[in-house]
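Data block below; observations after.
The values are calculated or read from the model by the stated rules, or taken from the named source; none is laboratory data. Model, not experiment: these values are computed from the prediction. Heads up, the Cβs are rebuilt from the backbone with ideal geometry, glycines too, and the neighbour counts pull from every protein chain shown.
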Amino acid sequence: MLFNCILLSLSTSIDSLGIGITYGMKNTKISFLSKLILFGISFFITSASVCFGDYLTHFFPESCANWIGVILLMLIGIMVIIKAIKESASPKQDYYDYDHSNWIDPKEAVILGIALSIDSFGIGLSSSFMGINSFFFPLMVGIFQFLFLSLGNFLGKKIHKMSQVPDMIWSILSGILLIFIAFLRLL
């Protein structure tokens, strides 16, 4: 169960690595306060979805709830992959730095945090159906998002001169991990 929780947290948060790399390559900084805001939003949204999913599981038999969670997780994984492929054809230009200051301020961090947490809601909901409904999961999602943004920003600055990593790689990896976790739950 702990292994699944960590894998889900990683797959939920790995997009943050790609966004951090993108910011680093554009020399856009993310303040510590902005990272804390992102952590708080992802923790809150994931916690809310886990609680909501836990509430909904009371209306289904355990085996049925597990199947619902597996199917939801597979669907989210497939949607993440499709979305990444579609977005790679027409990439976004501003990446949430709306004032083009090369600095993600707290207001921009709120918008970015909500955008990064949209998938977290569905994943948190499906994790509850699969029996992962602990406080540990939302906490790990927030921590991984914080760490991945920081690491991505650092790496982006380093690889700026060497090569460009397509953003969609991280989203596709996230979708594949979600589908993999769903298959693991079937075994």
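Let's see how each residue does on (1) at pLDDT below 80; (2) within 16 Å of residue 37 (Cβ to Cβ):
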residue	(1), (2)
63	yes, no
79	no, no
141	no, yes
149	no, yes
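Only residues in region 73-94 that are within 12 Å of residue 122 (Cβ to Cβ) count as the first member; pair them with residues that are among the charged types (D, E, K, R) and modelled with pLDDT of 75 or more, Cβ under 7 angstrom, at least 6 apart or cross-chain, and list the lot.
From residues that are within 12 Å of residue 122 (Cβ to Cβ), the pairs are 76/119; 80/119.
Criterion first (surrounded by 24 or more Cβ atoms within 10 Å (Cβ to Cβ) and at pLDDT below 85) does residue 163 satisfy it?
no
Matching residues to (1) free of Cβ contacts under 8 Å to residues at least 60 places away in the same chain; (2) basic (Lys, Arg); (3) surrounded by fewer than 21 Cβ atoms within 10 Å (Cβ to Cβ):
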site: 17; (1), (2), (3): no, no, no
site: 20; (1), (2), (3): no, no, no
site: 32; (1), (2), (3): yes, no, yes
site: 39; (1), (2), (3): no, no, no
site: 42; (1), (2), (3): no, no, no
site: 47; (1), (2), (3): no, no, yes
site: 56; (1), (2), (3): no, no, yes
site: 64; (1), (2), (3): yes, no, yes
site: 69; (1), (2), (3): no, no, no
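Tell me, which residue of region 111-138 that is out of contact with any Leu (no Cβ under 9 Å at 6 or more places or on another chain) and buried (at least 24 other Cβ atoms within 10 Å of the Cβ) is farthest from residue 12 (Cα to Cα)?
The qualifying residue farthest from residue 12 (Cα to Cα) is 138.
Within region 139-159, can you find the residues that are among the aromatic types (Phe, Trp, Tyr) and surrounded by fewer than 18 Cβ atoms within 10 Å (Cβ to Cβ)?
Hit for region 139-159 is 154, nothing else.
Is there a residue being at pLDDT below 85 and either over 20 Å from the mean Cα position of the chain (by Cα) or charged (D, E, K, R) (or both) anywhere in region 35-54?
Scanning region 35-54 turns up no residue that is at pLDDT below 85 and either over 20 Å from the mean Cα position of the chain (by Cα) or charged (D, E, K, R) (or both).
Considering 2, 73, which residue is touching a Leu at 6+ places or on another chain (Cβ under 6 Å) and among the aliphatic types (A, V, I, L, M)?
73
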